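See below for the structure under consideration.
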Amino acid sequence: MSELEHNETPQSISVDIYDQIYNLRGTDPVQIEKLAAHVDSRMRAVSAQGATVDSLRVAVLAALNIADELFSMRERYSKLAGSMDQVSQSQTTLRSRTDSLSSLLDSVLEERKAG
């Protein structure tokens, strides 16, 4: 079996999130572990603030924090993508102006040679 096929086969993995073991399935165990560690970290941060001890409430508050982070990153991405479009348009305009100036310069130089 090739490596690509192996990576597409779901694998079982056990992760510990907020002192609970979850048996998950996915094609990238390393990514699942990273995600679980992130969720665990966020839940522990919420719990450390002392807002609540109920694990369900901690999970919901952590999910809201993660969703807020996601929405903020999406907004930043959209702004950056818009900026990149503006840069691309500016580069196209500059190339066009450079080509025009180059043609004009070539014409002037040809006229001087002929005259």
- Given charges of +1 on the Cβ of Lys and Arg and -1 on the Cβ of Asp and Glu, with all other atoms neutral, how large is the dipole of the chain about its Cα centre, in debye to the nearest 20? 480
- How large is the accessible surface per residue of the chain, computed with a 1.4 Å probe and reported in Å² as a whole number? 83
- Message: For the chain, take the longest principal axis of its alpha carbons; what is the angle in degrees between that and the long axis of helix 29-48, to the nearest 10 within 0 to 90?
- Response: 70
- Query: If you average the sequence gap of Cα pairs under 8 Å that are 6 or more apart and divide by the length of the chain, what percent do you get for the contact order?
  - Reply: 14
- Query: For the chain, what log10 I(q)/I(0) values come out of the Debye formula at q = 0.11, 0.12, 0.18, 0.19 1/Å, with one point per alpha carbon and no solvent?
  - Reply: -0.65, -0.70, -0.99, -1.03
- Ranked from the most accessible area to the least, with a 1.4 Å probe and all protein chains present, what is the order of 61, 94? 94, 61
- With a 1.4 Å probe and every protein chain kept in, tell me what percent of the accessible surface of the chain is carbon plus sulfur. 55
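The values are calculated or read from the model by the stated rules, or taken from the named source; none is laboratory data. Because the structure is a prediction, the values reported are computed rather than measured. Glycine gets a Cβ as well: all are built from the backbone with ideal geometry, and neighbour counts include every protein chain shown. Only protein heavy atoms, including side chains, enter the accessible area calculation; ligands, DNA and RNA are left aside. Shrake-Rupley method; radii C 1.70, N 1.55, O 1.52, S 1.80 Å.
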